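A short reminder: the numbers here are calculations on the coordinates, not readings from a lab. Worth saying up front: this structure is predicted, and the values here are computed from it rather than measured. Positions of Cβ are generated from backbone atoms using ideal geometry, with glycine treated the same way; all protein chains shown enter the neighbour counts.
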Amino acid sequence: MIGDPSFVEGRLLRIFIGEDAQHHGRPLHVAIVEMLRKEGVAGASVFRGVEGFGSHHEIHMSKVFSFGGRMPMVVEVVDSAERIAALLPQLEAMVDEGAITLERIEYRRFFGKRTGG
């Protein structure tokens, strides 16, 4: 709920890359998530698209038995404005081709209750 005091202001960062993008010989999305975790970011998720196109305007579409590795990927990151701003230079250095977007958001974190099971 907008203005709810239990929510804090933050940023939603989206990194649009190709599934085949690499960083030092590793999948770029894996390298990004590992860097974000190391930096203590509140949270990050990776989503694989089913269809899309990028700067070359070539359509990439998920097909049965297709293992081309050219699908669009989005890494979403939620944290404070300050933390996201501090990470941008590292992320920009890692992404050769793609796009990065930034949005103002309000968010609330939930921590699961650990049970004995």
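Some observations on this one:
- The residues neighbouring V74, those whose beta-carbon lies less than 10 Å from its own, together hold a net charge of +1 under the Lys/Arg +1, Asp/Glu -1 convention.
- Net +/- balance of residues flanking Q22 in space, Cβ distance below 12 Å, scoring K and R +1, D and E -1: -3
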